[in-house]
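Written below as structure tokens is the structure these notes are about.
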């Protein structure tokens, strides 16, 4: 029977790769995103993936989308919380509370709100997999990116705590911690970090690569492979884990 999968922020980047990987495995996939252009492009290239324009910080809109998607699929087997934003790039004394809260709302609060909806469904059927996308920044310090790193650390704590609640119901909860993933998002991050640190973009980009033992960026499809595995029977005893997919980042960020 085809898996029923919901993925947040999945019209581009890592989320899109995950959505396509699940669809290619035969799953029924519903996604949401804020980027109308990316949603339209995805719908053209992958009409089998159902997309909706949703702000994941809007509790009512998120619940309405979740309810519609699960009703249309006839249930839920896999939830992937991919929503996240880079947040401000600055020293902490220059970060506004508004910007801090926005980063936390997208990167952390949205995970809680979707899990609050999904967990009762999965507990009742005594099966399911929840996959939260954290970051290498959730495992170590990340100068100039304290809101983002704080949210990603919290995602891991949330994942491990929730796994303890859902394990007795045969529901797994794991976090994937990507390293630097190729694509427009890391390009924007590099531009911001270079500007904040007074360095060239090439220097910052080279630092990201040289701090990984495999000396390259991660491809979005490599994150997707791990997500599909964590939702498979082969991962039925993998629970409460924060799993790095980063090519062995020896130092996540260079000062």
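The values are calculated or read from the model by the stated rules, or taken from the named source; none is laboratory data. Fair warning: this is a prediction, and the values are worked out from it, not measured in the lab. All Cβ positions, even for glycine, are placed from backbone atoms using ideal geometry, and neighbour counts span all protein chains on display.
Selection within the stretch 19-46: residues that are in contact with a helix residue (DSSP H, G or I) (Cβ under 8 Å, 6 or more places away or on another chain) and in a helix (DSSP H, G or I). The member of this set that is surrounded by the fewest Cβ atoms within 10 Å (Cβ to Cβ) is 38. For the stretch 1-18, the candidate set comprises residues that are in a loop (DSSP other than H, G, I, E, B) and at pLDDT 95 or above; within that set, the residue that is nearest to residue 188 (Cα to Cα) is 12. No other residue among 212, 228, 238, 204 is outside the structural domain of residue 76 (by TED's automatic domain parsing) and either closer than 30 Å to residue 25 by Cβ or in contact with a strand residue (DSSP E or B) (Cβ under 6 Å, 6 or more places away or on another chain) (or both) apart from 212.
Could you count how many residues in the stretch 167-178 are part of a helix (DSSP H, G or I) and in contact (Cβ under 8 Å) with a residue 60 or more places away in the chain?
Of all residues in the stretch 167-178, those part of a helix (DSSP H, G or I) come to 167-169.
Then keep just the ones that are in contact (Cβ under 8 Å) with a residue 60 or more places away in the chain; that gives 167.
Selection size over the stretch 167-178: 1.
Residues in the stretch 206-245 that are farther than 16 Å from residue 136 by Cα, in a helix (DSSP H, G or I) and without any contact (Cβ under 8 Å) to a residue 40 or more places away in the chain: 206, 229, 233, 234.
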